[in-house]
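Q: Take this structure first; my questions come after.
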Amino acid sequence: MNHSTYVQLLDAACGAFLLAGVLVLWRRDLAAIVRLFALQGGALALLIAVLGVHEGDAEVVALALGIGALRALVLPWLLRRALAGGAANRETQPLVNVATSLTIAALLGLLAYAVSRPIVRLDPTPATHAVPIALTVVLIGLFVLVTRRRALSQIVGFLLMDNGITAVAFLTTSGVPLIVELGVSLDVLLAVLVLQVLTARMRAAFGDTDLDDLRELRD
Amino acid sequence: MTGIIGAVLQVVLVAAGAPLLVGLMRQVRARAEGRAGAGILQPWRDLRKLLRKEPITPHGTGPLFRMAPLLLAGTTLVVAAMIPLVTTRSPLDGAADLFAVTALLALGTVALALAGLDTGTAFGGMGASREMVVLALVEPTILLSTFAMSVRVGSTNLGAIVTSVLDDPQQVVFPASLLALVALVVVVIAEAGRIPVDNPSTHLELTMIHEAMVLEYAGPDLALVEWASAMRLTVLLGLLAGLFAPWGIAVDSPAMLPVGAAAIAAKVAVAGAALAAAEVFMAKLRMFRVPELLAGSFVLALFAVASSFFLVAP
Amino acid sequence: MTLLLIAPLGAPLLAAGAHAVPGRRRGTSWPGALSAAAVLASGIVLAVQTAGGPRTGLHGLLRADSLSAFMLIVIGAVALLAMLASPAYLAAEEAAGHATARDTRRYGVLTQAFVAAMALAVLAASLGTLWVAIEATTIVTAFLVGHRRTRNATEAAWKYVVICSAGIALAFLGVALLHFAAQHAHVPSSGSLDWTELAAHAGSLDPQVTRIAVALLVLGFGAKAGLAPLHAWLPDAHSQAPAPVSALMSGVLLSVAFYAVLRVKVIADAALGAGFARALLLTAALASLALAAALLLGQRDYKRMLAYSSIEHMGLLALGAAIGTPLAMTAVLLHVLGHGLAKSVAFLTSGHIQQAAGTSRIAAVRGFAARSPLIGGGFGAAVLALLGFPPFSLFASELAIFRAGFTAGLGWAVGAALVLLLVITAAVAAGTARMLLGAPGTGPGAATLPSRPPLGAAAGLLLGLSACAVLGIGLGPLHDLLLDAAAVLGAH
């Protein structure tokens, strides 16, 4: 793979990664949000695979396959199962309306660019230049987590954050050590499983999973 | 020489082809819905019918009302002559700045909105105010996304951007271009008044945007407005095709001009047919959701600019 | 050596296996307590072994130094108290119909896995493994928080998992960035997240990237340690979890997360100078103290009162760490142990009170000291210890932190903290006095006297309180360990 193709593929994967993240903010339909998340998982796997092939590191390519399977197939499947159990399938009233969230996403993007300047400066390769994009996705995920009311949207927000962080890890240093990466993936999987069980319990206890109903515990 | 012939060819092509494009899109939609359709030539027949009618204007309207269709058609024709459709060597290329193009298109829209207000009817004013909302949201996105394309080239001249894409076709899959493409598609749909922002074939005044402004026009004036609207759609689709898939466009030799004309006709026809096919599956958005759509495209355009600045160019 | 390092992980996992065997009833008593005792014992042995220097095992994945050994002792001690109290708590829950035998078995497995994850966190040789272990504690305890399956418990578990996972995800971003900085500082790639390697090469880490990484790590691990601003899960989770789990979470889990912050601080100080981590920790400390003081005033739920008291004590730990002198660091570590013991006794007794009164509202409990001197007295003594009264060790450690603060020129911060502590003391003392003193009321639950806690649980409470009191009088053999551990934290 020559340098220009590498940069091309890397940037294309990053573009798709970011696009999927922004579209999650845009859509209200939870099923569409899950599809976008799966798409983003695919883009992340492509991104890692491109990095792995470029460095000729078979371990990273294998990790890309594993991460792709987890984030583009297994996690969306789990989310769809959680979705199938519930009646509500739309994010009806986010705390911040969609037009404003999109504008805020733009600001978050600028913030990410500002914050990641030192990272790019330390090692200006094509891969680190894409770190702001991954960081934008982290911030968008955090924003979704904070402003969305449906349980499923919050899980997706958490997973967007996680996708973004994984992307940062691979873009900066082709990933943290293998054992940590495995631990992280396992943790994410388990966290989603736990959240899925809790979603089912919440549905049993509250009727639906609008987190606005979670107002019993406060001071 | 190539430039002058090419520019004339562009104007003729747009002027003659625009109603055909609308006819094609209606035909695609009709077929997709299981109807026979009126045929591709039907818009031309409609225009002929309207032109034969006696020109009348409502009471109390001023010169603005009569000037607006001319201004709309005139600005669109100028844009058609400027932008790189058949050739990049248009004699007006020096003025084919993306800012100039946007301003010209906006001028036509504003004229029509003023005409809608001039009639003093409720629907005219409503349509004008809605059109201004959409315009206000669309303009920044068009500017930003074309700007994203121009950062790499170092010029906001449309001909230069198209030439650079021709020289290095790979850059179309660059994230900046991809994001800008998505943003531009959305604003082109909004600007041309298509579903899901506006429904060109609606008969319900309350849901109208563009149609509400032109409700009071009749006869040749209406023909002019309809023709100009069709040309706007053609020009916008042509601009999209030129920026993102400029292959076949004539650069130097006059011999390439027929090829360029055929290529742009085919590209615009394909884009129009795809748009019409997509519209079959969509419903019009409620008016208050339109800003969401346009805000989304604005964000994408902004990210396009940002990534064209910050990512390493291949 | 490897065996000794694996023992604190293996013993709880074995016990978890023993709990997992179906068909056993009330099997939570001896394997749980034994494994906790094993963790405590291996902590003590490791403390002796590591006096000469750190020991590694399992291909460099695990490393024990004095600090790890000390944290193991804290984990073992608090786990022992919690495990001694668990059988009685579970029996009462089953008798009241809140839990089934299956729930009980799951409780046994999860609490042991929880202890194992905490032991892994303090024994981890690298930042990455530590991160994995701390995230594992979130997952394991999620179902423990939601153990009762009520509306409130589910809500608390949801908030807990979402906020802690998000916070810890930010910490992972910090890990990734630190890894990036380390690779460019020519840290060998095999150990680029290893504590000692990072500390040794800290001087050549890129300061700007390290600054972002440290801020994220402190914020992320701070979320898990209950430090403001990501503390919102803590009062909910600690008040809804079963009492022994609350004891474990409040008594050690917070400290284990804080241990991660301390380790990060060592690297931050070496790479960026002391100012950066100090500013971060001071902000978190004062914010946490102010928040705890504001929400303790007029608090109507005694389990939440204890939870906010945990935020307060985490704030004090952060204050001590921000001061960073040898005296302050030693006091911080002593405070971790004292707080672990006192807070777990307080939560365990509050569990008994809750089972007797049927509610956790302060107003519903009256004159409890008269109804059950052991439980009421234990709760009162633990709260006194938490408020920093002598002879308990928290008095000594808080005094030392404040003295160190004045000496280090952070008098303004210490002054502010003292004012906030005064408010907190008044609020907590008033609430506790209403619960314990006076004649028993006539509300629901007043008619039935609480069942006397079984011998194991009562012994645990007394053991915890007396250990806390003895530590306040003299440190004995712990003295050297504390100094060594403080030296590991860079306070020479």
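Q: So, R0 is 30 Å and r is the distance between the beta-carbons of B:Met67 and B:Thr202; what FRET efficiency does that work out to, to 0.05?
A: Details: r = 26 Å, r/R0 = 0.88.
After rounding to 0.05, the efficiency reads 0.70.
Q: In vacuum, with every alpha carbon of the protein assembly as shown counted as one equal point scatterer, what does the Debye formula give for log10 I(q)/I(0) at q = 0.04, 0.08, 0.09 Å⁻¹? Two decimals, please.
A: With no solvent term, the Cα-only Debye profile gives -0.26, -0.83, -0.96.
Q: Along the charge dipole of region C:2-488, which of C:Gly358, C:Pro477, C:Gly405 sits closest to the positive end, that is, farthest toward it, with unit charges on the beta carbon of Lys, Arg, Asp and Glu (+1, +1, -1, -1)?
A: It is C:Gly358.
Q: Right, something else. From the residues C:Leu387, C:Val419, C:Met71, which one has its Cα farthest along the dipole of chain C in the positive direction, the dipole being from +1 and -1 charges on Cβ of Lys/Arg and Asp/Glu about the Cα centre?
A: C:Leu387
Q: Right, another one. Please work out the C-alpha center-to-center distance from region C:307-360 to region C:133-201 and express it in whole Å.
A: 22 Å
Q: Put +1 on the Cβ of every Lys and Arg and -1 on every Asp and Glu Cβ in chain B; which of B:Leu98, B:Pro175, B:Met208 then has its Cα farthest towards the positive end of the dipole?
A: Most positive-ward Cα: B:Met208.
Q: Report the full-extension gain for the segment B:Ala38 to B:Ala266: residue separation times 0.36 nm, less the Cα-Cα distance, to one decimal in nm. Mind showing how you got there, number by number?
A: Numbers: separation 228, 0.36 × 228 = 82.08 nm, distance 2.12 nm.
Full extension of this stretch gives 80.0 nm more.
Q: Okay, next question. For the protein assembly as shown, which whole percent of the accessible surface, found with a 1.4 angstrom probe, sits on carbon and sulfur atoms?
A: On the way: 23970 of 35410 Å².
The C+S portion of the solvent-accessible surface of the protein assembly as shown is 68 percent.
Q: Now a separate question. By how many degrees, between 0 and 90 and to the nearest 10, does the Cα long axis of helix C:274-296 differ from the longest principal axis of chain C?
A: The answer is roughly 10 degrees.
Q: Where in region B:283-314 does accessible area fall by at least 40 Å² between the isolated chain and the complete protein assembly, at a 1.4 Å probe radius?
A: SASA drop of 40 Å² or more in region B:283-314: B:Arg289, B:Glu292, B:Val299, B:Leu300, B:Leu302, B:Phe303, B:Phe310, B:Leu311, B:Val312, B:Pro314.
Q: Over region C:2-488, what is the relative contact order in whole percent, taking alpha-carbon pairs under 8 Å and six or more residues apart? List each step's numbers first, then the result.
A: Working: 854 pairs, mean separation 75.9, N = 487.
Result for region C:2-488 is 16 percent.
Q: Shifting gears a bit: Heavy atoms only, probe 1.4 angstrom, no DNA, RNA or ligands counted: give me A:Ile179, C:Ile401 ranked by accessible area, highest first.
A: On the way: A:Ile179 95, C:Ile401 0 Å².
Largest to smallest exposure gives the sequence A:Ile179, C:Ile401.
Q: Sticking with this structure for a sec: What does the charge dipole of the protein assembly as shown about its Cα centre add up to, to the nearest 20 debye, if the Cβ of each Lys and Arg holds +1 and the Cβ of each Asp and Glu holds -1? If you can, show how the numbers build up before the last one.
A: Values: 62 positive and 52 negative charges, 544 e Å.
That gives a dipole near 2620 debye.
Q: Right, something else. Mind checking C:135-141 for the average number of partner chain beta-carbons within 10 Å of each residue's beta-carbon? Present the calculation step by step, with values, prior to reporting the outcome.
A: Numbers: counts 7, 4, 0, 4, 9, 2, 1.
Mean shielding count: 4.
Q: Let me ask something else. Take the alpha carbon atoms of region B:70-130, find their center, do the same for region B:224-251, and report the distance between the two centers in whole angstrom.
A: Taking the Cα centre of region B:224-251 as reference, the centre of region B:70-130 is 13 Å away.
Q: Still on this model: With no solvent and one equal point scatterer per Cα, compute the Debye intensity ratio I(q)/I(0) for region C:335-492 at 0.19 Å⁻¹ and report its log10, rounded to two decimals.
A: Scattering profile of region C:335-492, log10 relative to I(0): -1.16.
Q: Follow-up question, since we're still on this one. Would you mind giving the total buried accessible surface between chains C and A, with a 1.4 Å probe and ligands, DNA and RNA left out, rounded to the nearest 100 Å²? Working shown, then result.
A: Numbers: alone 17550 and 10790 Å², together 24100 Å².
When C and A are taken together, about 4200 Å² of accessible area is lost.
Q: Residues in region C:355-392, backbone N under 13 Å from the label point at C:Thr150 (7 Å along the Cα-to-beta-carbon vector): list them, ranges by number please.
A: Only C:355-362 fall inside the zone, counting backbone N under 13 Å.
Q: Given charges of +1 on the Cβ of Lys and Arg and -1 on the Cβ of Asp and Glu, with all other atoms neutral, how large is the dipole of region A:20-130 about its Cα centre, in debye to the nearest 20? Don't jump to the answer; show the numbers that get you there.
A: Numbers: 9 positive and 6 negative charges, 101 e Å.
For region A:20-130, the charge dipole is close to 480 debye.
Q: Measuring with a 1.4 Å probe in the full set of protein chains, what accessible area per residue, in whole Å², belongs to the protein assembly as shown? Before the final figure, lay out the partial values.
A: Working: 35410 Å² over 1025 residues.
About 35 Å² of surface per residue is accessible.
Q: Solvent-accessible area of C:Trp30, probe 1.4 Å, all protein chains present, reported in Å² to the nearest ten, please.
A: 150 Å²
Q: Please compute the modelled spin-label separation between B:Val8 and B:Ala283, points set 7 Å along Cα→Cβ, answer in nm with one decimal.
A: Taking the simple label geometry, B:Ala283 and B:Val8 are separated by 5.2 nm.
Q: Now a separate question. If you add up the charges near A:Leu46, with Lys and Arg at +1 and Asp and Glu at -1, over every other residue whose beta carbon is less than 12 angstrom from its beta carbon, what do you get?
A: On the way: positive: A:Arg71; negative: A:Asp11.
So the surrounding residues net to 0.
Q: What nm distance separates the two modelled labels at C:Ala51 and C:Arg403, each placed 7 Å from Cα along Cα→Cβ?
A: 2.5 nm
Q: Still on this structure, please answer the following. Roughly how many Å² of B:Phe99 are accessible to a 1.4 Å probe, to the nearest 10?
A: 100 Å²
Q: Taking the Cβ-Cβ separation of C:Leu3 and A:Ile179 as r and a Förster radius of 22 Å, what is the calculated FRET efficiency to the nearest 0.05?
A: 0.60
Q: Separate question: Whole number please: convex hull volume per residue, Cα atoms of region B:2-310, in Å³.
A: On the way: hull volume 37.9 nm³, N = 309.
It is 123 Å³ per residue.
Q: Still on this structure: Using only protein heavy atoms and a 1.4 Å probe, report how much of C:Asp480 is accessible, in Å² to the nearest 10.
A: 100 Å²
Q: Rounded to the nearest 500, what is the 222 nm mean residue ellipticity of chain C from helices alone, with -39500 (n - 2.57) per DSSP H run of 4+ residues and division by all residues? Can you show the working numbers first?
A: Numbers: 20 runs with 368 residues, N = 492.
When only DSSP H runs of four or more count, the value is -25500 deg cm²/dmol.
Q: For peptide A:185-194, how many partner chain Cβ atoms fall within 10 Å of a residue's Cβ, on average? Present the calculation step by step, with values, prior to reporting the outcome.
A: On the way: counts 0, 4, 12, 4, 1, 6, 10, 2, 2, 12.
Mean shielding count: 5.
Q: While we're looking at this one, here's another question. Give me the compactness ratio for region C:2-488, meaning the Cα radius of gyration over 2.2 N^0.38 Å. Mind showing how you got there, number by number?
A: Numbers: Rg = 21.1 Å, N = 487, 2.2 N^0.38 = 23.1 Å.
Scaled against compact globular proteins, the figure is 0.92.
Q: With everything on Cα atoms, drop me the angle between helix C:393-407 and the longest principal axis of chain C, reported from 0 to 90° to the nearest 10.
A: Around 40 degrees separate the two axes.
Q: What angle, in degrees between 0 and 90 and rounded to the nearest 10, separates the Cα long axis of helix C:455-473 from the longest principal axis of the Cα atoms of chain C?
A: Helix C:455-473 sits at roughly 50 degrees to that axis.
Q: Provide Rg and Dmax in Å for chain A, with only Cα atoms included in the calculation.
A: Radius of gyration, then largest Cα-Cα span, for chain A: 17.6, 60 Å.
Q: Normalising by the residue count of region B:118-259, find the relative contact order in percent from Cα pairs under 8 Å and 6+ residues apart. Each step should come with its number before you reach the end.
A: Details: 119 pairs, mean separation 43.1, N = 142.
Relative contact order comes out at 30 percent.
Q: Summing Lys, Arg as +1 and Asp, Glu as -1, what charge do residues with Cβ under 14 Å from the Cβ of A:Glu181 carry, A:Glu181 excluded? Display every interim value, and only then the final one.
A: Numbers: positive: A:Arg71; negative: A:Asp57, A:Glu59, A:Asp162, A:Asp187, C:Glu135.
Neighbour charge sum, excluding A:Glu181 itself: -4.
Q: Roughly how large is the A-B contact in terms of buried accessible area, totalled over both chains, probe 1.4 Å, nearest 100 Å²?
A: Working: alone 10790 and 13630 Å², together 22110 Å².
Chains A and B together bury approximately 2300 Å².
Q: Using a Förster distance of 45 angstrom, determine the FRET efficiency expected from the C-beta separation of C:Leu297 and B:Phe309, and round it to 0.05. Don't skip to the end; give the middle numbers.
A: Values: r = 51 Å, r/R0 = 1.13.
For R0 = 45 Å, the calculated efficiency reads 0.30.
Q: Can you give the helix-only mean residue ellipticity at 222 nm for chain A, where every DSSP H stretch with n ≥ 4 adds -39500 (n - 2.57) and the sum goes over all residues, rounded to the nearest 500 deg cm²/dmol? All intermediate terms of the calculation are to be shown ahead of the outcome.
A: Details: 10 runs with 168 residues, N = 219.
Helix-only estimate at 222 nm: -25500 deg cm²/dmol.
Q: Pop out the ³J(HN,Hα) list for region A:6-13 in order, Karplus 6.51 cos²θ - 1.76 cosθ + 1.60 with θ = phi - 60°, rounded to Hz; leave Gly and Pro as x.
A: For region A:6-13, the Karplus-derived couplings read 4, 4, 4, 5, 4, 5, 4, 4 Hz, x marking Gly and Pro.
Q: Say each of C:Ala200 and C:Asp480 gets a label point 7 Å from the Cα, pointing the same way as Cα to Cβ; how far apart are those two points in nm?
A: 2.6 nm
The values are calculated or read from the model by the stated rules, or taken from the named source; none is laboratory data. These figures come from a predicted structure and were not determined experimentally. Glycine gets a Cβ as well: all are built from the backbone with ideal geometry, and neighbour counts include every protein chain shown. Surface accessibility is based on the protein's heavy atoms, side chains included, excluding ligands, DNA and RNA. Shrake-Rupley method; radii C 1.70, N 1.55, O 1.52, S 1.80 Å.
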